[in-house]
There are 2 protein chains.
Amino acid sequence: MRQYEMFEIRLTGEAPRGSEAAAAPEAVFTLNGKEKRVRGFYVGEGVYKVRFYPGEAGVCSWKIAPALQEGGREISLSGALEGTETCETAGSSSHGMVRVNGLHFACEDGTRYQPFGTTVYALIHQDRKLVDQTFETLAGAPFNKIRFCVFPKHYDYNHNEPAYFAFEKTGDRFDVNRPCQVFWEELERRIGQLDEMGIQGDLILFHPYDRWGFAQLTHEECMTYLSYLVRRLAAFPNLWWSLANEYDLMAHFERGWWNDFARFLHENDPYGHLLSNHNCLPYWDFHDPYTTHCCIQDTCVNRVGRLQREYGKPVVFDEVCYEGNIEHSWGNISAFEMAHRFWMAHILGGYCTHGETYLNEEEILWWAKGGVLHGESPARIAFLRKIMEELPGDPDVLPGRWGSVDPEEIHKRAQEPKTGDVWADGLASLPLERLYRFIDKEGTVQSHCGQEVYLRYYGHQCCGKGMLELPEELEYDVEVIDIWEMTRTVIRTGVSGKVTFPLPGKEGIAVIARRR
Amino acid sequence: MRQYEMFEIRLTGEAPRGSEAAAAPEAVFTLNGKEKRVRGFYVGEGVYKVRFYPGEAGVCSWKIAPALQEGGREISLSGALEGTETCETAGSSSHGMVRVNGLHFACEDGTRYQPFGTTVYALIHQDRKLVDQTFETLAGAPFNKIRFCVFPKHYDYNHNEPAYFAFEKTGDRFDVNRPCQVFWEELERRIGQLDEMGIQGDLILFHPYDRWGFAQLTHEECMTYLSYLVRRLAAFPNLWWSLANEYDLMAHFERGWWNDFARFLHENDPYGHLLSNHNCLPYWDFHDPYTTHCCIQDTCVNRVGRLQREYGKPVVFDEVCYEGNIEHSWGNISAFEMAHRFWMAHILGGYCTHGETYLNEEEILWWAKGGVLHGESPARIAFLRKIMEELPGDPDVLPGRWGSVDPEEIHKRAQEPKTGDVWADGLASLPLERLYRFIDKEGTVQSHCGQEVYLRYYGHQCCGKGMLELPEELEYDVEVIDIWEMTRTVIRTGVSGKVTFPLPGKEGIAVIARRR
C-alpha cells in the first residue's frame, strides 16, 4: 500500500442472483487510527473487489464483513477479509487527489494544481487504435485534465456504435443492474493511464446526446448506476465527478434529481472527489453544498472575479466554444480566440478548457472522438501553462477601472433618484445587457500574486503603450508577452511605482511584472 | 440658379447694433409655384445674406422684406430684394440632399446613398496645412460621410488652441451674439469642398469635450447659436445635423433641451436635413419625431434588424470604437475588427462609421485632427463599398436561425409556467444579458435584395463549409469573399435551392449569391 495510490482487495463469493450492480461488500479501513467505511463491487465471475485510497502514509488495517446481503440472501466472501499494511510515503511524482484550495486548486500534498483541460466526450467509445492514438496525442499535449463521458455520444459527426457500453442489455434495454465488465475494465485502464500521465479525468456521468436510452434512465436506475460507479471508481486519485454535460438539456431528468445525485455522490464517495455540473443554458447552481467548483459553459471568460465573488468557489470555464471550422457557432472559433480565452481566464485566476472541432474526411473530431490535434491553440496553451506554473502562487483578480464594479448593483440604481453625475446616472439608466457589455469592454484585466507578481492582459485591445501601477517600495522586472507568437521580452528592469512602456499594438498581449 | 446647388443673395444694410447672430432678413422663394419662407443672416461689414436650396428645376422667384427688425429698430436692406431666375436641371454628378428612404437612404434624385462614414471631430480646428492634408487624404479614401464638430475639442491628444472659434469673445466669454466671420467662412468653404468630393458633412452641433465654455452655454445661447447656424448653413445640400457627440455626457444641458433643439431645427430648416443625436451611454430616443435615423455609439453591429424593428428608421452605427493603438478601449480595436464591424452592419442593411486612433509623435490622430490615415481598415471599407454599391438595392435582414428571435420577448416568458421544452424553458430562464449573448453568438447574419441577391456573413466564425437556401425556381452564382484579403472567388454557378460549398475556415468570410 502506498499513499495516494489505489489499494485493491480481491474477494470471491457466489455470483449475485439479483443485481450485479447492487452487490456491495462492506469494509472499514483504519489508517493511522482514522476509520473510513468503504463499500466494494462485483466484477463478474464470482469476484468482488474492495478498493481503498490512502491519503496519508502510516499504518493501515482493514476489516471486511465476511458476507454481504444481496436480494434478500447472504453471500459469503473469501479472501483477505482482514489485514494490516504499512502505507508507504508517496513517490515524488505522486501528489494525491486534487482539492479545492480557496478559489483555486491544490493537490493533497500542497502542490498547486492549475487545470488546463481538454475535451474528448466519447474518448472511450472509439476503437482501441483510435483511443491509443488519442493517448499518444495527450502525451505530447499541454493538458492535465480531460472531460469525457461514461455514456457514448450520438450527435453530428458521432454516429458510430461503440463495441460495449457501461451495462449489458436485458432484452432490448440496457440494464443498470448488469454492469458490462469489459467496459468498466477498459474505463479503469484508461483512467489509470491518465493518472500515469498526470491527467485528471473529469468524468461526465450523464449527457443528453443519446440514442441508446442512457438519457432516459429512471431515477432509481440512475441511483443504481451511480452507486456502482462510485464504489468502483472512487479510489482512483485522478477523477472528478461531472454530473453532466449540459444537464439542462436532459429533458427526461427532473431538476431535483441533480441535487439528489450530488448529495448521493457526496455521501458515498469516501474521499470527496471534486464535483460539479455543466450547463448548456442556465448555469448549475454552484451554491449547491456538494458542488466544489464552478463548471461553466459560457464565453464570458473575463468575469472570473465576479463569479468568484458570487459563488466563493474556483471558476472553471469548461466550455468556451471549440477551435475548429464546423458549421456550428460553438465549434468554429479561431485558434487565436481559443488561446485568448485561456489567457483571459487564467490571468484572472480562473481556468479554461480546450476542445477542437476541425472537419476531416474521417469525421474524427478531437472534441468527441480524439485522435490527433490539428489546431494551433494547444502550443499556445502549453506556453501559457509554463508561464502560469512559474508563478509563485495562484493569481487573484486586481480590481482595475470598472474592475470591482458590479453591473447588477449599478442597474439597481436605475430606480433611484438621479445623482446629477452624468456617468453614474448614465450607467444606471442602461439596459442591464448593455451595462455588462460596456463594463466588459472597459474592464482592465489585472491580477497579482501578493506583491511578488503583477499581471495584466490586454486581450483584444491593440495597445501601443502599457502601464502598470507597482508598489513604490519594491523593484520589478517587466516582461511583455505575445500570446500568439509565444515571445517574451523584458521591457523594463528594476522599476517601481507607475511604470509605462511601449507595446506592440496588436491583440493578445500580456504583461508580467516580477519582483526582483 | 441650379437644382441641388445653393443659391445666395447678398444684401447690404446697417450693421446690427445688438445681436449680429439674431439679425435675420426675411425672404420667400417660390419655386414652380411652391413657396418656402427662408431667413438670412449677417456676415459682417454691413453685409447680409439669404441662401436658398432649390430641390427641383424650374422657375424660381423671390421676395425679400426690405427691412429687418433688430433690437427694437428697423434696418433697411439693399440689393436684389426681388427677382426671378430659371433654375437649371442638376448636372449628372449632383443628386440632391440625402433623405430617408424606408430603412435606408437615397438622394433626392432617387440615387441610393449608403453612408460609409469616418470621423474627424476637430477637423476644422487645426491649422490650414493640416486641414488641407486631411482633405487630400479624404480624396483618396472610401468615405462619403464625415462626422465633425462646430466647436473645438479638448481631450487627450487634443490640447491645441484653434485660431478662431464660432464666436468672438465679449470680455473673457465667448458671445453667441457675435459670430466669428472668419470661422463661418472657413467652415462653409470646407463644407463646400466636401460637397465637391461627394462627402456628406455630419455636423456635430454640441459636445462635452470642452475648456472654452461651449459645453456650458445657456438654453437661450444655444438657441441663438442654432438659429444662426441653421439660417446660414441649411442651404448646403450635403449637411446632416448631429445634435451632439455624446449628448448624455453634457452635464450642463438638461435632457429636455435636446428635444427643443431637434424641434427647433426641424421648424427652422426649410429643407429637412437628416437629424440625429449621438450617445455615449444611453441611446438618444430615436422615436423622437424630428429624428430621422438612428445614430448609435455601440458595438452590437449585429443588431441592425432588431433596431430597425424597434425604431422603424435607418440604423447607423456612428461609433463602433476606432482602429488604433491608444490606451483607451474605445480606441484600440484592430483593423480587422473595424472591417468586420463594417461588414456586419452593412450586410444587414445598416451602416457603420470609421475612426482611427494611432499614436504618433506629432499626436495627430485621425479621429480628432485628421492628417493621414495609417490604418489598414480603409482599404477593406473601400472593397466593401464597391461590393455594396454593385447590389441592385439595399439589403434587408433575412431572419435565420434565431434571426427573428427577440431576447426581450423570450425573457418575458421567465415568469410564465414551464412549457416542458428544455430549450424554450432554458432560454426563458436565462438572465437577459446572457440571453442576448447567446442569441448574438448563434445568430445567422443573412440578408437579401428581393430574390436578386442573397448575402451571408460569417463574421468571427471560422467555417470550413457554408450553406445558403436559395429559391428553387431561380439560378444563382455564388461568390466567397475574404474581407481581409479582399478576394472574391466564384464557388458555384447556376445553382438553386439549398446549396453547400467549402469555405476557407477563417474569420471574415462573406458569401453573396447573385441571380443569373
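Odds and ends about this structure:
- Restricting the stretch A:244-264 to residues that are among the hydrophobic types (A, V, I, L, M, F, W, C) and either assigned to a loop (DSSP other than H, G, I, E, B) or within 14 Å of chain B (Cβ to nearest Cβ) (or both), the residue that is surrounded by the fewest Cβ atoms within 10 Å (Cβ to Cβ): A:Ala251
- Count - residues of the stretch B:215-243 that are surrounded by 22 or more Cβ atoms within 10 Å (Cβ to Cβ) and farther than 27 Å from B:Pro25 by Cβ: 1
- If you check A:Pro399, A:Pro395, A:Pro378 for being surrounded by fewer than 19 Cβ atoms within 10 Å (Cβ to Cβ), away from chain B (no Cβ under 14 Å) and not hydrophobic (A, V, I, L, M, F, W, C), only one passes: A:Pro399.
- Elements of the type strands (runs of 3 or more DSSP E) sitting completely within the stretch A:431-516 and holding at least 2 residues that are of a type outside the set (Lys, Arg) and under 28 Å from B:Val320 (Cβ atoms): these cover A:445-449, A:465-469, A:476-482, A:498-502, A:509-515.
- Among the residues examined, B:Gly110 qualifies as modelled with pLDDT of 95 or more and on the phi > 0 side of the Ramachandran plot.
- Criterion (β-branched (Val, Ile, Thr) and in contact with a Cys (Cβ under 8 Å, 6 or more places away or on another chain)) met by exactly one of A:Ile204, A:Ile191: A:Ile204
- Summed over the stretch B:255-288, the residues that are farther than 24 Å from B:Phe342 by Cβ and in contact (Cβ under 8 Å) with a residue 12 or more places away in the chain give a count of 19.
- Of all residues in the stretch A:265-278, those satisfying the criterion of being crowded, with 22+ Cβ neighbours inside 10 Å and assigned to a loop (DSSP other than H, G, I, E, B) are A:His273, A:Leu274, A:Asn277, A:His278.
- Here B:Ile387 meets each of (1) assigned to a loop (DSSP other than H, G, I, E, B); (2) more than 27 Å from B:Leu130 (Cα to Cα) with one exception, condition (1).
A quick yes/no check of all residues on (1) over 22 Å from A:Val120 (Cβ atoms); (2) more than 12 Å from chain B (Cβ to nearest Cβ); (3) among the acidic types (Asp, Glu); (4) outside any loop (DSSP other than H, G, I, E, B):
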site: A:Tyr290; (1), (2), (3), (4): yes, yes, no, no
site: A:Cys295; (1), (2), (3), (4): no, yes, no, yes
site: A:Gly349; (1), (2), (3), (4): yes, yes, no, no
site: A:Gly371; (1), (2), (3), (4): no, yes, no, no
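- Screening the candidates A:Trp212, A:Trp184 for the property of being assigned to a helix (DSSP H, G or I) and among the aromatic types (Phe, Trp, Tyr) yields one hit, A:Trp184.
- The lone exception for B:Arg17 - which of (1) in a loop (DSSP other than H, G, I, E, B); (2) in contact with a Lys or Arg (Cβ under 8 Å, 6 or more places away or on another chain); (3) buried (at least 21 other Cβ atoms within 10 Å of the Cβ) it fails: (3)
- Of everything listed in (1) touching a residue at least 24 places away in the same chain (Cβ under 8 Å); (2) within 14 Å of chain B (Cβ to nearest Cβ); (3) over 21 Å from B:His328 (Cα atoms), the single unmet condition for A:Cys462 is (3).
- Residues (of a type in the set (Gly, Ala, Ser) and out of contact with any Lys or Arg (no Cβ under 8 Å at 6 or more places or on another chain)) located in the stretch A:246-272: A:Ala251, A:Gly256, A:Ala262
- Any hit, the stretch A:321-335, residues being within 14 Å of chain B (Cβ to nearest Cβ), buried (at least 22 other Cβ atoms within 10 Å of the Cβ) and aliphatic (A, V, I, L, M): yes
- With respect to the stated conditions, B:Glu20 is farther than 18 Å from B:Phe236 by Cβ and touching a Gly at 6+ places or on another chain (Cβ under 8 Å).
- Where a residue in the stretch A:421-432 is within 7 Å of chain B (Cβ to nearest Cβ) and its partner, wherever it lies, is surrounded by fewer than 16 Cβ atoms within 10 Å (Cβ to Cβ) and part of a helix (DSSP H, G or I), with Cβ under 7 Å and at least six apart: A:Ser429/A:Ala414
- Selection status of B:Leu281, within 12 Å of chain A (Cβ to nearest Cβ), buried (at least 20 other Cβ atoms within 10 Å of the Cβ) and farther than 27 Å from B:Glu507 by Cβ: yes
- Residue tally, condition within 18 Å of A:Ala80 (Cα to Cα) and either modelled with pLDDT under 95 or basic (Lys, Arg) (or both), over the stretch A:1-42: 5
- Verdict on B:Met344 being in contact with a Ser or Thr (Cβ under 7 Å, 6 or more places away or on another chain) and either of a type in the set (A, V, I, L, M, F, W, C) or within 24 Å of A:Asp425 (Cβ to Cβ) (or both): no
- Candidate set: the stretch B:297-320, residues that are among the β-branched types (Val, Ile, Thr) and part of a loop (DSSP other than H, G, I, E, B); chosen: the one farthest from the other protein chains (Cβ to nearest Cβ): B:Val320
- Criterion: surrounded by fewer than 18 Cβ atoms within 10 Å (Cβ to Cβ), away from chain B (no Cβ under 14 Å) and modelled with pLDDT of 95 or more - qualifying residue of A:Val490, A:Val478: A:Val490
Every residue, every condition in (1) of a type in the set (Gly, Ala, Ser); (2) at pLDDT 95 or above; (3) surrounded by 13 or more Cβ atoms within 10 Å (Cβ to Cβ); (4) not in a strand (DSSP E or B), yes or no:
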| site | (1), (2), (3), (4) |
| --- | --- |
| A:Val59 | no, yes, yes, no |
| A:Gln69 | no, no, yes, no |
| A:Leu77 | no, yes, yes, no |
| A:Cys87 | no, yes, yes, no |
| A:Gly91 | yes, no, no, yes |
| A:His95 | no, yes, yes, yes |
| A:Arg99 | no, yes, yes, no |
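- Which numbered condition B:Thr170 misses (of (1) in contact with a Leu (Cβ under 6 Å, 6 or more places away or on another chain); (2) modelled with pLDDT under 95): (1)
- For first residues located in the stretch B:135-154 and more than 18 Å from B:Gly375 (Cα to Cα) and modelled with pLDDT of 95 or more, partners that are surrounded by fewer than 21 Cβ atoms within 10 Å (Cβ to Cβ) and among the polar types (S, T, N, Q) and lie 6+ apart or on another chain with Cβ distances below 9 Å form the pairs B:Pro152/B:Asn158; B:Pro152/B:Asn160.
- Applying a threshold of 9 Å to beta carbon distances and a minimum spacing of six or more residues, or different chains, the list of pairs starting in the stretch A:482-508 at a residue that is of a type in the set (Asp, Glu) and ending at one that is surrounded by fewer than 18 Cβ atoms within 10 Å (Cβ to Cβ) and in a strand (DSSP E or B) reads A:Asp482/A:Arg488; A:Asp482/A:Thr489.
- Number of the exception - A:Phe174 against (1) farther than 17 Å from A:Asn245 by Cα; (2) not in a strand (DSSP E or B): (2)
- The single condition from (1) of a type in the set (A, V, I, L, M, F, W, C); (2) touching a helix residue (DSSP H, G or I) at 6+ places or on another chain (Cβ under 9 Å); (3) away from every other protein chain (no Cβ under 14 Å) that B:Val495 fails is (2).
The values are calculated or read from the model by the stated rules, or taken from the named source; none is laboratory data. Predicted model, so just to flag it, every value in this text is computed and none were measured. Here the Cβ is made from the backbone with ideal geometry for all residues, glycine too, and neighbour counts use every protein chain on show.
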